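Down below is the structure, laid out as structure tokens.
FYI, it's all coordinate maths here, none of it is from the lab. These figures come from a predicted structure and were not determined experimentally. Every residue, glycine among them, receives a Cβ derived from its backbone with ideal geometry; neighbour counts consider all protein chains shown.
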């Protein structure tokens, strides 16, 4: 998990473009994480943004 939001956002966008699937940037406790959107259980984390590789920037 990353501690820096800007770094986490950069990695989330890069991961979405690499995997070519939407990924979600989330906060859990003190850190930030990224998972493919369809693998995330939304009840346990605070969602920051979703990145869609077929658009530019966050999807939401």
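At-a-glance table
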| item | result |
| --- | --- |
| Residue check, residue 16 under 17 Å from residue 3 (Cα atoms) and outside any loop (DSSP other than H, G, I, E, B) | no |
| Residue in the range 4-23 that is in contact with a helix residue (DSSP H, G or I) (Cβ under 7 Å, 6 or more places away or on another chain), crowded, with 17+ Cβ neighbours inside 10 Å and within 21 Å of residue 55 (Cβ to Cβ) present | yes |
